[in-house]
Amino acid sequence: MKKIFLLIVISIINITIFAQITVSNVTGQTPQQLILNELAGEGVTLTNGQFNRSANTITSQKIGTFTNGTGFPDFPISNGIIMTTGNISVAVGPNNSSSKSVAIDDNVAIDSDLQSIASSNLTGATILEFDFEAVSPTFEFEYIFASEEYPEYVCSQYNDIFAFFLTGLDPVTLTTTTKNIALIPNTNIVVAINSVNGYPAGTSYPASSCISTNYTQFYNSVPSNSPKMQFDGYTVMRSNGQIASGLIASARISPCRPYHMKLSIANAGDSGYDSGVFLKEGSFTSPKLETKATYTESSNDTLITGCNTATMTIGMTADDTCTRPYNITLNTQALTGITATIGDDFQIFCLDDQGNITSEITSDSYDFSLHIGDRNQKFLVKVSDNATFPENDIRVAKILIQKEMCPDKYEYDTLILNLKNHKNIILEAPEVLDFCDVCNEIGVIVAQGEVNEITWIPDHNIDHNDQITTSANITQTTTYQIIATDNYRCKYDTLEMEVNITSEPTVNFHANATVGCAPFTVHFTSTTTPQNAPLIWVINNTDTILDETQFDYTFDTPGLYTVALYSNLSEDCGSELVREDYILVGDYPHADFTWSPDIPNNGRMVSFANLSTGDNITNYHWNFGDGSISNESDPAHAYHVDSDRSFNIMLTVTNNAGCSDDTLQTIDVVDNYAFYVPNSFSPNSDGNNDLFQVFVTDVLKYHITIYNRFGEAVFQSVDPNATWDGTYKGEVCQGGVYTYKISYIKYANVETELYKTGTITIIR
């Protein structure tokens with residue numbers, strides 16, 4: 001556990017150190033070395049460096065260098081020079097004291113310039129001064145003022161004081177002046193605790209004692225116990241509410257003239273509660289020659305063939321009253337890495353104040369003079385119309401701008417232009433733009449060029465209006481405008497494309513008849529919608545009929561036929577209706593029959609035998625010629641006649657296709673009617689005339705009753721062939737006369753019952 005704790009402690013210490021302001025002494029350096037190493041930037045020459053009015057090696061602990069750890073992002077200067085009213089170590093965090101001070105007395109005479117703007121006596125002065133010349137009519141540097149007197153002594157008389165005194169020729173009045181340039185931005189108010197602060201938090205002094213309380217935006221506080229810095233507050237610049245930099249000290253000057261700069265800080269009223277000034281490394285600069293390119297049609301730094309141009313502007317960032325011309329040289333071949341040549345690959349044109357072309361620069365070097373009062377000179381740069389370098393090959397044009405500032409002193413700037421021979425964009429619509437019911441995906445074809453941005457108008461019903469191909473839900477015909485732009489937002493193409501949405505056809509048809517006999521002619525009618533939809537009829541997969549709404553078709557061969565109807569509005573939009581075995585075409589059968597017996601008697605049953613031939617016979621119809629009919633295949637029938645007659649018999653046979661045939665034959669029927677009743681018999685068992693029998697033929701119904709003299713029925717029968725043996729109830733009847741009664745119906749007339757009566761004599 002102890003080892004683990006130790007590791008944790010070490011880690012915390014390292015982080016704290018990394019996140020805070022650190023300082024280093026510069027003992028052993030001369031003031032000149034310090035300003036050159038830490039402060040000097042572009043466009044200036046710094047000389048005669050002094051610290052506390054001495055050019056000797058620095059021994060004081062009141063000046064040094066600092067570094068800002070990455071854990072302190074709200075402190076916008078990473079490193080540079082620190083000057084304090086006491087020991088520079090006071091700046092190092094944590095912020096664990098409300099009155100931190102380490103006084104050092106270097107026996108330095110108080111700066112009279114600084115004392116003149118102070119409201120109380122000064123002590124502990126720290127002074128860094130030097131001479132300088134600038135190549136431009138302005139100079140600047142970045143700084144931060146921090147103090148332990150924040151916030152307790154805001155609006156009090158106990159305010160440490162600092163100033164940046166510039167001495168030299170005023171370019172406006174043309175007189176030598178000394179002025180403090182440590183001012184609140186865009187004001188003439190000096191930067192001080194009583195002018196830049198976070199009042200009224202944590203103070204007991206009235207706001208009326210402050211110079212101003214309106215500049216809190218330039219102030220940032222350090223929380224108590226923060227490991228980042230000991231000072232309680234410091235000055236900053238903000239942009240859009242965010243800390244952007246330190247404050248900027250700047251002034252107008254005359255280029256190439258000597259000026260004196262004095263940076264001073266001191267305690268005011270007491271020697272406690274130290275303060276410090278942080279000077280950003282390399283920030284003491286004179287604005288350089290400014291060269292920039294403004295592109296037309298595109299925000300990129302690439303010029304496209306036949307597309308965009310660049311306006312090159314050469315000038316200064318600030319105005320100047322100096323009318324002395326600066327000599328400028330443009331050189332297109334003075335730098336390495338050039339792959340484009342003037343004339344062949346690109347062109348440069350001089351422009352007047354109205355932007356009109358006055359002349360073309362055709363050589364690698366071009367000299368002209370620029371009056372700063374004129375502010376700038378503009379040139380037009382474009383890819384040559386006859387440029388022949390390969391397509392999509394980016395070439396580099398470098399233009400060196402050399403400005404002679406002070407005599408024998410030059411400033412340089414370089415403009416780099418990328419040149420590209422770039423194809424125009426060509427959009428093409430896909431071949432298929434017809435969809436059935438709904439379009440689920442749609443896109444365009446980039447036939448030429450490179451597309452970076454694409455827009456669909458209108459953008460409804462599509463999911464990605466910024467893509468070449470997009471999912472969609474288009475349910476009705478829509479015309480789209482597609483705009484495509486290349487990677488340089490320069491070349492573009494516009495395509496108008498109609499996406500046609502067609503509803504799937506509804507296929508239907510009918511026939512006037514579906515069953516018939518060969519040759520069978522059928523009339524077909526399509527009821528497909530829409531009515532103008534293309535039609536393809538297919539009969540039994542063999543015969544094809546195109547685009548006929550109605551037509552007749554003859555089936556010559558018996559069989560079952562499939563009929564199909566297809567309708568395709570497009571490759572992907574069609575429907576069909578297939579009716580299997582829709583048409584039945586039959587062959588004609590052959591009707592034939594015979595009967596038995598060949599010549600039937602009246603009333604006797606005749607059996608008919610069907611001899612018809614043919615497939616799928618489903619119906620038989622017999623007409624026997626006497627008004628009787630039958631649907632049986634092999635019927636039986638009896639004829640009833642009063643005399644011999646002939647009958648015409650017709651048989652009609654029909655198959656499942658409705659095909660029929662008939663045959664007519666004649667049958668002869670004879671009448672064999674006979675009725676004989678004997679008047680006597682002798683039932684004596686001599687084998688001769690022993691039985692009484694009525695002889696009758698062709699009767700349908702028959703009934704005989706024999707009575708004795710007492711009216712008692714001694715014999716009855718319904719059988720025409722029945723016989724009587726002369727007995728009754730097993731007893732022999734006496735000889736004598738008996739009466740009979742017979743009722744019957746003849747086959748010839750089945751509706752009339754007849755009667756016959758008489759007597760019979762039994763002979764014993």
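For the stretch 611-636, the set of residues classified as in a strand (DSSP E or B) and either assigned by TED's automatic domain parsing to the domain that holds Y747 or not aromatic (F, W, Y) (or both) consists of T613, I617, T618, N619, H621, N623, I629, S630, A636, listed by residue number. Checked against the criterion of being farther than 30 Å from V383 by Cβ, in contact with an Asp or Glu (Cβ under 9 Å, 6 or more places away or on another chain) and not acidic (D, E), the stretch 525-534 contains one or more residues that satisfy it. Across the stretch 744-752, not a single residue is classified as out of contact with any helix residue (DSSP H, G or I) (no Cβ under 6 Å at 6 or more places or on another chain) and at pLDDT 90 or above. Of everything in the stretch 115-137 that is among the polar types (S, T, N, Q), in contact with a strand residue (DSSP E or B) (Cβ under 6 Å, 6 or more places away or on another chain) and not in a helix (DSSP H, G or I), the residue that is surrounded by the most Cβ atoms within 10 Å (Cβ to Cβ) is T126. Inspection of the stretch 466-477 finds no residue satisfying the criterion of being closer than 30 Å to V383 by Cα, modelled with pLDDT under 80 and surrounded by 13 or more Cβ atoms within 10 Å (Cβ to Cβ).
Checked against the criterion of being closer than 30 Å to G559 by Cβ, among the aliphatic types (A, V, I, L, M) and over 60 Å from the mean Cα position of the chain (by Cα), the candidates A657, A722, A713, A674 yield just one match: A657. For D74, the conditions (1) buried (at least 20 other Cβ atoms within 10 Å of the Cβ); (2) part of a loop (DSSP other than H, G, I, E, B) are fulfilled apart from (1).
For the stretch 211-218, the criterion of being in a loop (DSSP other than H, G, I, E, B), in contact with a Gly (Cβ under 8 Å, 6 or more places away or on another chain) and within 26 Å of Q20 (Cβ to Cβ) is met by no residue. Scan the stretch 594-610 for residues that are assigned to a loop (DSSP other than H, G, I, E, B) and of a type outside the set (G, A, S) and the total you get is 6.
If a residue has to be surrounded by 14 or more Cβ atoms within 10 Å (Cβ to Cβ), of a type in the set (S, T, N, Q) and either in contact with an Asp or Glu (Cβ under 8 Å, 6 or more places away or on another chain) or assigned to a loop (DSSP other than H, G, I, E, B) (or both) to count, how many in the stretch 687-727 make the cut? Number satisfying all stated conditions: 1. Residue count for the stretch 648-670, restricted to those that are part of a strand (DSSP E or B) and more than 16 Å from Y747 (Cα to Cα): 16. In this structure, D434 does not satisfy being among the acidic types (D, E), farther than 30 Å from M497 by Cα and surrounded by 12 or more Cβ atoms within 10 Å (Cβ to Cβ).
Go through the stretch 728-743 and report how many residues are surrounded by 19 or more Cβ atoms within 10 Å (Cβ to Cβ), in a strand (DSSP E or B) and either under 60 Å from the mean Cα position of the chain (by Cα) or without any contact (Cβ under 8 Å) to a residue 60 or more places away in the chain (or both). Going through the stretch 728-743 one residue at a time, the tally reaches 1. The set of residues from the stretch 30-51 being of a type outside the set (D, E), outside any strand (DSSP E or B) and at pLDDT 95 or above comprises T30, P31, Q32, Q33, L34, I35, L36, N37, L39. With respect to the conditions (1) over 22 Å from G282 (Cβ atoms); (2) out of contact with any Phe, Trp or Tyr (no Cβ under 8 Å at 6 or more places or on another chain); (3) crowded, with 22+ Cβ neighbours inside 10 Å, P255 falls short on a single one, namely (1). Taken over the stretch 649-670, residues that are surrounded by 15 or more Cβ atoms within 10 Å (Cβ to Cβ) and either among the β-branched types (V, I, T) or in the same structural domain as Y740 (by TED's automatic domain parsing) (or both) amount to 8. Assess whether P200 counts as being outside any strand (DSSP E or B) and either touching a helix residue (DSSP H, G or I) at 6+ places or on another chain (Cβ under 9 Å) or surrounded by fewer than 20 Cβ atoms within 10 Å (Cβ to Cβ) (or both). When the stated conditions are applied, P200 passes them. Identify the residue in the stretch 336-355 that is within 20 Å of S384 (Cβ to Cβ) and part of a loop (DSSP other than H, G, I, E, B) and, among all such residues, is modelled with the lowest pLDDT. Among residues in the stretch 336-355 that are within 20 Å of S384 (Cβ to Cβ) and part of a loop (DSSP other than H, G, I, E, B), the one modelled with the lowest pLDDT is G337.
Within the stretch 528-540, the set of residues being within 16 Å of S503 (Cα to Cα), of a type in the set (S, T, N, Q) and surrounded by 12 or more Cβ atoms within 10 Å (Cβ to Cβ) comprises T528, T529. In the stretch 255-266, is there at least one residue being in a loop (DSSP other than H, G, I, E, B), among the hydrophobic types (A, V, I, L, M, F, W, C) and either more than 60 Å from the chain's Cα centre (by Cα) or modelled with pLDDT of 85 or more (or both)? Yes.
Among the residues of the stretch 442-461, the one identified as of a type in the set (D, E, K, R) and either surrounded by 14 or more Cβ atoms within 10 Å (Cβ to Cβ) or closer than 23 Å to P505 by Cβ (or both) is E450.
The values are calculated or read from the model by the stated rules, or taken from the named source; none is laboratory data. None of the values given here were measured: they were computed from a predicted structure. Every residue, glycine as well, gets a Cβ built from its backbone with ideal geometry; the counts of neighbours run over all protein chains shown.
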